[in-house]
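The structure appears right after this line, and notes come after that.
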């Protein structure tokens with residue numbers, strides 16, 4: 001949970017190691033933001049380039065109160081094509097490039113998952129509205 005640890009994780013990934021980490025964030029965009037917070041502004045562009053090459057999957061999940069107990073809402077970003085990799089490298093804090101990347105086939109946005117739960121009658125409108133991102 002510090003710059004040195006994050007740097008070690010990125011270096012390990014660049015050398016072919018499988019790295020799993022947890023960060024307390026909600027959504028792929030916030031996860032990238034949190035990673036960048038570990039580094040000084042002048043290093044962030046280089047970090048994004050490295051993440052574009054090494055980051056393969058971001059999973060965000062939350063447990064919400066449903067009508068029949070807790071329900072899982074998820075967002076995931078798979079770095080499986082050049083559009084996603086470019087979106088990560090081009091991230092400038094405005095979230096546009098990452099939001100576009102999340103729209104690529106095979107990814108799921110938080111609000112998509114939330115809407116599915118709402119339409120299936122598993123969560124209330126109040127829970128839906130209070131957990132929508134953006």
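Find how much the distance from residue 22 to residue 81 grows on full extension, using 0.36 nm per residue of separation minus their present alpha carbon separation; answer in nm with one decimal.
18.9 nm
Which angle between 0 and 90 degrees, to the nearest 10, do you get for helix 41-54 versus the longest principal axis of the chain when only C-alpha atoms count?
Relative to the chain, helix 41-54 is tipped by roughly 70 degrees.
Taking every pair of alpha-carbon atoms in the chain, what share in percent sits in each 5 Å bin, from 0 to the bin with the longest distance?
2, 10, 20, 21, 18, 13, 8, 6, 2, 0
Compute the acute angle (0 to 90°) between the alpha-carbon long axis of helix 28-37 and the principal axis of greatest extent of the alpha-carbon atoms of the chain; round to the nearest 10°.
40
Only Cα pairs within less than 10 Å get springs; with that Gaussian network setup on the chain, which residue of 67, 38, 57 has the largest fluctuation?
67
Quick one: angle between helix 3-14 and the longest Cα principal axis of the chain, in degrees between 0 and 90, rounded to 10, please.
Approximately 80 degrees, to the nearest 10.
Sorted by mean Cβ packing within 10 Å, highest first, what order do the peptides 14-20, 107-113 take?
107-113, 14-20
Each label point is 7 Å from the Cα along the Cα-to-Cβ direction; what then is the distance between the points at residue 56 and residue 14, in nm?
In this crude spin-label approximation the distance works out to 1.8 nm.
Rg and Dmax of the stretch 51-113, using alpha carbons, in Å: what are they?
Cα-based Rg and Dmax for the stretch 51-113 come out at 13.3, 41 Å.
Only the coordinates and a few stated rules stand behind these numbers; no lab work does. Bear in mind the structure is a predicted one, so any value in this text is a computation, not a measurement. For neighbour counting, all protein chains shown are included, and Cβ atoms are generated from backbone atoms with ideal geometry for every residue, glycine included.
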